[in-house]
Amino acid sequence: MDTQENPGLSRRLIFLMACAVAASAANLYYNQPLLPVIGRDLGLSHDSIGWIPGLNQVGYALSILLISPLGDVVARRRLIDFLSVFLVLGSLLAVVSQGVLMLGLASLVIGISANITQQLLPFAATLVSAEQKPKVIATLMTGLTLGILLSRTLSGFVGEHFGWRGVFVMSALLALLFGLALHRALPWREPPLRMRYGALLASMWSLFRRHAVLRQSAFTGLFWFAAFNALWATLALHVSEAPLNYNTQQAGMFGVVAAAGVVGAKLSGIWVGRFGARHTITASVLLILAGFGLSGFYGDRLWALVVGILLIDFGVFSAQVANQVRVFSIDPEAQSRVNGVYMLGYYLGASLGSLSGVQAFALAGWPAVCTLAAFFLLASLVANNPTLWRR
């Protein structure tokens, strides 16, 4: 990174932003390896416990629709300050929850507050040149990848030794720490636009209608992220049953295996420039499909789950970087709104995947989850065809 050409985005600041992206995104996934323990502690069925990760993703999707666009009209540092406060409060509400309603509300608040990630990504994109954008976005997406993947390992370890409530105490402390660090380090940038909130939201629909690439990217990401979340919302439930019978910490260790996604995120920044975003995404989705096929047919064998998750996470985060670079190239003056439209599709897919994945598992077990994911991935391949979106 050329710090002289871009004094507002030094290597140190990029590193802090990547770490903050990781810490913020992790809040959407801390609960997944804890679901069996939470279910036993609160006396919840598989059907009821599915609302906990689902409401996390619903909250995040709502924040993308209602909060992300504000980055174009409100100073992003101010938004990040407010979101950090609410993330602390949501985590503390989870700590004291005594039933599914209170924990569901806490999950919703945490999901909304995790919008910090979707403020930092477009913020970074506006501070660098077009040539540097793939590298910087890939770096922040590496942070996102680590946050998503290692969150499960971290929460599994903390949950096993300190209980599931201890995980949310940790979450509150991290939110406070990074909130203070970002407040001190982020540059103040006046927003590029002056627009009323209603008009701002309406303009997102206009952007969606105007840009075929945005529609293509949103629906492509929606379907593969639905498959990804169907996996992670049910994996702990699957491996905690016979014949594997893993505990919370062992279930969380699959997050270490999934760290292959970091390699995918870094390599994708190179592949996009060489092969183009669409071809990179198609190849990545085919890898994800292969991973689900393997782990679906041999779901009771550790080696197949490990190799399958390696393929799935490598493919998901390779495709994600390519899709995000494509989106941030659409309209330089509407980065927050364009990213908001795109990520709304993504996390509606996450909600769909979490809720339907748990239901599929309750009905017919692990093979049903992998079959559901395969249908989502085929839909993603279809959505990535640009001719589908031409008027």
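We did not get these values from a lab; they are worked out from the coordinates using the rules stated. Bear in mind the structure is a predicted one, so any value in this text is a computation, not a measurement. With ideal geometry, Cβ positions are generated from the backbone for all residues, glycine too; neighbour counts draw on all protein chains shown.
Enter the per residue convex hull volume of segment 163-203, computed from alpha-carbon coordinates, in Å³ rounded to the nearest integer.
113
Using all Cα-Cα distances in segment 321-386, what percent lands in each 10 angstrom bin from 0 up to the longest?
Using 10 Å bins, I get a P(r) of 18, 39, 28, 13, 3 for segment 321-386.
Output the peptides 143-152, 217-226, 166-175 sorted from most to least packed, where packing is the average of other Cβ atoms within 10 Å over each peptide's residues.
Order by mean packing, descending: 217-226, 143-152, 166-175.
How far is helix 277-297 tilted off the main Cα axis of the chain, in degrees rounded to 10, range 0 to 90?
Helix 277-297 and the main axis of the chain meet at about 10 degrees.
How many nm is it between the label spots at Arg40 and Ala290, if each spot is 7 Å from the Cα in line with the beta carbon?
So the label points at Arg40 and Ala290 sit 3.8 nm apart.
Would you mind putting 119-126, 71-78 in packing order, based on average other-beta-carbon counts within 10 Å, highest first?
119-126, 71-78
Hey, can you rank 289-301, 19-31 by average C-beta count inside 10 Å, highest first?
19-31, 289-301
Rank the residues Phe328, Phe15 as a footprinting-exposure proxy: fewest other Cβ atoms within 10 Å of their Cβ go first. Don't jump to the answer; show the numbers that get you there.
Numbers: Phe328 23, Phe15 12.
Listing Phe328, Phe15 from fewest to most nearby Cβ atoms yields Phe15, Phe328.
How many nm is it between the label spots at Leu89 and Leu378, if each spot is 7 Å from the Cα in line with the beta carbon?
Going from the Leu89 label point to the Leu378 one covers 4.6 nm.
Given the convex hull over the Cα atoms of segment 97-158, what projected area results after averaging over all orientations, in nm²?
On the way: hull surface 20.9 nm².
The number I arrive at for segment 97-158 is 5.2 nm².
Please compute the length gained on full extension between Trp303 and Glu131, using 0.36 nm multiplied by the number of residues separating them and subtracting their Cα-Cα distance.
Working: separation 172, 0.36 × 172 = 61.92 nm, distance 4.07 nm.
Extra length from Trp303 to Glu131 when fully extended: 57.9 nm.
Quick one: which residues, 5+ away or cross-chain, put their amide H under 5 Å from the amide H of Tyr246? H built at 1.01 Å from N.
Answer set, sorted by chain and number: Ser240, Glu241.
Per the Kirkwood definition applied to all pairs of different Cα atoms, how many angstroms is the hydrodynamic radius of segment 8-85?
So the Kirkwood estimate lands at 14.9 Å.
How far is helix 100-113 tilted off the main Cα axis of the chain, in degrees rounded to 10, range 0 to 90?
That helix lies at roughly 30 degrees to the long axis.
Based on the Cβ-Cβ distance from Thr371 to Met102, what FRET efficiency comes out when R0 is 30 Å, to the nearest 0.05? Intermediate results must be reported in sequence, preceding the final value.
Details: r = 34 Å, r/R0 = 1.14.
Result of the calculation: an efficiency of 0.30.
Past the 21 angstrom mark, what percentage of all C-alpha to C-alpha distances in segment 66-214 do you count?
The proportion of pairs with Cα distances above 21 Å equals 54 percent.
Specify, per residue and in Å³, the volume enclosed by the convex hull of the alpha carbon atoms belonging to segment 166-247.
192
Would you order His279, His238, His161 from fewest to most other beta-carbon atoms within 10 Å of each residue's own beta-carbon? Each step should come with its number before you reach the end.
On the way: His279 14, His238 20, His161 10.
Ranking His279, His238, His161 by Cβ neighbours within 10 Å, fewest first, gives His161, His279, His238.
Please check which bits of segment 194-233 a label hung off Asn385 would reach, taking the label as a point 7 Å along Cα-to-C-beta and the cut-off as backbone N under 11 Å.
Within reach of a label on Asn385, which here means backbone N under 11 Å from a point 7 Å along Cα→Cβ, segment 194-233 contributes nothing.
Determine the sum of side-chain charges near Leu70: Lys and Arg each +1, Asp and Glu each -1, restricted to other residues whose C-beta is under 14 angstrom from that of Leu70.
+4
Given the C-alpha atoms of the chain, compute the convex hull and give its volume per residue in Å³.
119
Tell me, what is the Rg over Rh of segment 60-132, with Rh the Kirkwood radius over Cα pairs?
That ratio equals 1.10.
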